[in-house]
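Input: a single structure, listed below in structure tokens.
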Amino acid sequence: MRLSPARLCLFTLFLAPAAMAADSTPDIEIYIARHGKTMLNASDQVQGWSDAVLTPQGQRQAISLGRGLAKHGIHFTAAYSSDSGRALQTARLVLAHNGQARLPVRTDWRFREFNFGSYETAANQTLWQAVAAQQQMSLAQWLQQVTPKAFADTVAALDKTRQKTGSDTWPAEDYAAIQHRLRSGMDELISQTRQSGGGKVLLVSHGLSINALLDLLLPGQAVATIKLGNASITHLRLQHGQYQLLEVNDLRYVADGQLPVGASLPADSIAPPTAAE
């Protein structure tokens with residue numbers, strides 16, 4: 001979804017005076033991509049810090065995204081990714097098919113998906129039903145009004161009652177913990193990009209975490225509840241100390257870069273990444 005100039009003013013964040021940039025500060029554009037479809041997506045299982053490789057469809061989505069970005073003349077000065085394999089695999093495929101295979105991907109755990117603790121790899125419906133019941137709603141009611149904050153905080157509370165003593169499972173994160181790591185990761189990304197002269201940055205992350213980033217950078221806006229498609233682009237610009245949301249859940253790059261019908265996947269797209277740069 002692209003935003004009209006009239007709506008852009010609604011999605012602008014004025015930073016605190018201490019963080020305001022001078023006019024000479026370089027502009028930064030951040031293209032935030034959700035990873036391609038994974039095997040756990042396909043089986044409708046909870047996928048937070050747990051990981052799964054991209055499906056053939058997910059690989060095609062990432063390749064198509066790279067091809068579409070190239071068709072639109074979008075090239076990056078830097079690339080970042082969550083350290084989850086599905087995000088890194090997506091980032092590498094995007095860059096390989098955007099003509100930037102040699103651009104290193106900086107992995108950062110702070111851009112991971114929400115951690116769901118003991119609910120990891122459970123059926124999505126199991127988790128959703130538990131959260132809806134905790135909030136004394138039907139599943140249909142809950143799905144109509146769920147927010148990232150309410151979801152994360154309820155899962156964290158439920159997970160505390162399910163964790164076993166001495167369990168090796170990481171506990172589910174509440175929303176404050178999630179936003180703290182996302183803010184820290186974004187602050188570092190912006191600082192490094194400014195030092196390098198600005199430009200366009202690719203960031204590959206996850207559906208809920210991207211929504212939480214929008215909630216963090218553009219607080220109170222309804223865009224934070226939009227369900228994001230695999231390989232969609234959410235496009236932010238940081239200019240003169242202001243964040244502007246230019247696109248959200250934009251799938252036109254995938255559409256414009258679609259592989260020909262019947263085309264086989266390139267051989268180098270099959271294997272998941274084995275190591276992070």
(message) I'd like to check something: does segment 99-109 contain any residue that is in the same structural domain as Ala177 (by TED's automatic domain parsing) and in a helix (DSSP H, G or I)?
(response) yes
(request) Go through (1) at pLDDT 95 or above; (2) over 14 Å from Asn230 (Cα atoms); (3) of a type in the set (Val, Ile, Thr) and name the single condition Ile32 misses. (result) (2)
(request) Among the residues of segment 52-94, write down those that are in a loop (DSSP other than H, G, I, E, B) and either crowded, with 23+ Cβ neighbours inside 10 Å or among the aromatic types (Phe, Trp, Tyr) (or both). (result) Phe76, Ser82, Ser84
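Table: residues versus (1) under 19 Å from Pro148 (Cα atoms); (2) touching a Pro at 6+ places or on another chain (Cβ under 7 Å); (3) polar (S, T, N, Q); (4) not assigned by TED's automatic domain parsing to the domain that holds Thr25.
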| position | (1), (2), (3), (4) |
| --- | --- |
| Gln179 | yes, no, yes, no |
| Gly185 | yes, no, no, no |
| Asp215 | yes, yes, no, no |
| Gly220 | yes, no, no, no |
| Gly241 | no, no, no, no |
| Leu251 | no, no, no, no |
(request) Out of the residues in segment 207-246 that are of a type in the set (D, E, K, R) and at pLDDT below 95, state the one that is surrounded by the most Cβ atoms within 10 Å (Cβ to Cβ). (result) Asp215
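Is one or more of the residues making up segment 87-104 touching a Phe, Trp or Tyr at 6+ places or on another chain (Cβ under 6 Å) and not acidic (Asp, Glu)?
Here is the first cut: in segment 87-104, the residues touching a Phe, Trp or Tyr at 6+ places or on another chain (Cβ under 6 Å) are none.
No - not one qualifying residue is present in segment 87-104.
Condition check: closer than 21 Å to Leu69 by Cβ and out of contact with any helix residue (DSSP H, G or I) (no Cβ under 8 Å at 6 or more places or on another chain). Does Ala231 satisfy that? Step through it out loud before you land on a result.
Numbers: closer than 21 Å to Leu69 by Cβ: yes; out of contact with any helix residue (DSSP H, G or I) (no Cβ under 8 Å at 6 or more places or on another chain): no.
No; evaluated as a whole, the condition is false for this residue.
Each row is one residue, and each column tells you yes or no for (1) of a type in the set (Ser, Thr, Tyr); (2) surrounded by fewer than 13 Cβ atoms within 10 Å (Cβ to Cβ); (3) under 22 Å from Ile226 (Cα atoms).
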position: Ser118; (1), (2), (3): yes, no, no
position: Asn124; (1), (2), (3): no, no, yes
position: Gln129; (1), (2), (3): no, no, yes
position: Gln141; (1), (2), (3): no, yes, yes
position: Thr147; (1), (2), (3): yes, no, yes
position: Ala152; (1), (2), (3): no, no, yes
position: Lys164; (1), (2), (3): no, yes, no
position: Tyr175; (1), (2), (3): yes, no, yes
position: Leu182; (1), (2), (3): no, no, yes
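The values are calculated or read from the model by the stated rules, or taken from the named source; none is laboratory data. Small disclaimer: the values here were computed from a predicted structure and weren't measured. All Cβ positions, even for glycine, are placed from backbone atoms using ideal geometry, and neighbour counts span all protein chains on display.
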